[in-house]
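Engineer: Let me begin by handing over the structure; questions about it come next.
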Amino acid sequence: MFNVSQSESNITASQNQDLLRIALISTLSTVPSFVFLYINGTILFTLRSKPVFRDTCRYILLYNLLLADTVQLAQSQMQFLLSVCRVKLAYSLCTVLSMLANLTTGISPLTLVVMPLERYVAVCYPLRHSSIITVRNTTVVIIAIWAVSSLNNLTRVLFLEFSLEKMESWEVEDVCSNFALVLGAVTAEYDRAYTCVVFVSAGVATTFSYVSVIIAARSASTDKALAHKARNTLLLHLVQLGLSLSSTINNPLIVALSKVLTRVAFLWVQSVFYVCFIIFPRCLSSLIYGLRDQTIRPALLYYLCCRMKVKISS
């Protein structure tokens, strides 16, 4: 009888420790997520609050970048909490969540391919900028970005290989992730190839634009102030690209560490990696962009400060 009581006591203590651990890990991720979702939502609202933002192409592109990052942050937080709580999902729902994650993940680097080129045209071809970079052309580019990302997602789903034995239960055996959906070697190779092509393209576009702006800045006919601002903006695009790229290394690191760490240690490492590689990159780049932009900053601070008295330029 004593052994039975001691065993039940140990089980209860273990369950209480698990609940406490889940609560701490969930809080560690949820608090910054909600803070950054509020900040991102405020920036999105700011970018739609005035005509100067709605009618300027680079702000339209920034809105598209931030919208994708915000959707991915919300979806990632929901999926992370399901993972921490060990909630199993049906294959169909897990597939939808993974498709949404892959769709929004591809938007950021594709948008960062276009944004540096817009600054390049503004500095190197100022007289043609208004005719080349129009709201209509920008809208077409954004539609193309979402179409390319959707096509990549559809191609990836066609490569997806489901295990017949697992499908019989219609439930993912482990937590929902890309790795829970049985991926074949072809899918893995395709993912790596697509990621490399997109990020290399973004890097080449940013580097080409940066070098061209520096060369143009030496010309006597170039607006020095505009060239200097464009150069700093392009450097920020490189930072944004690096932050976007950091999220792609999260899953491989998690998979590798899951094989060598205990479950308790793995949960803590997973939480820290999630905050560092998923949450921070999805907010910091756009927040920095908004705070350094002289047009966005007054309006952004106004809304972040709950509409306190801040002078806003018309």
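The values are calculated or read from the model by the stated rules, or taken from the named source; none is laboratory data. Remember, predicted model here, so these are calculated numbers, not experimental data. Don't worry about glycine lacking a Cβ; one is built from the backbone with ideal geometry, like all the others, and counts go over all protein chains shown. Note: areas computed on protein heavy atoms with side chains; ligands, DNA, RNA excluded. Shrake-Rupley method; radii C 1.70, N 1.55, O 1.52, S 1.80 Å.
Engineer: Is the stretch 195-216 home to any residue that is more than 28 Å from MET99 (Cβ to Cβ), in contact with a Ser or Thr (Cβ under 8 Å, 6 or more places away or on another chain), modelled with pLDDT of 70 or more and outside any loop (DSSP other than H, G, I, E, B)?
Structural biologist: Yes, the conditions are met somewhere in the stretch 195-216.
Engineer: Pick out the one residue from MET115, MET99, MET78 that is under 26 Å from LEU19 (Cα atoms) and at pLDDT 75 or above.
Structural biologist: MET78
Engineer: Say we look at the stretch 38-62 and pick out the residues that are among the aliphatic types (A, V, I, L, M) and touching a residue at least 40 places away in the same chain (Cβ under 8 Å); which of these is most open to solvent (accessible area, probe 1.4 Å)?
Structural biologist: VAL52
Engineer: Restricting attention to the stretch 85-94, which residues are closer than 13 Å to GLN75 by Cα and surrounded by 17 or more Cβ atoms within 10 Å (Cβ to Cβ)?
Structural biologist: Passing the criteria: only CYS94.
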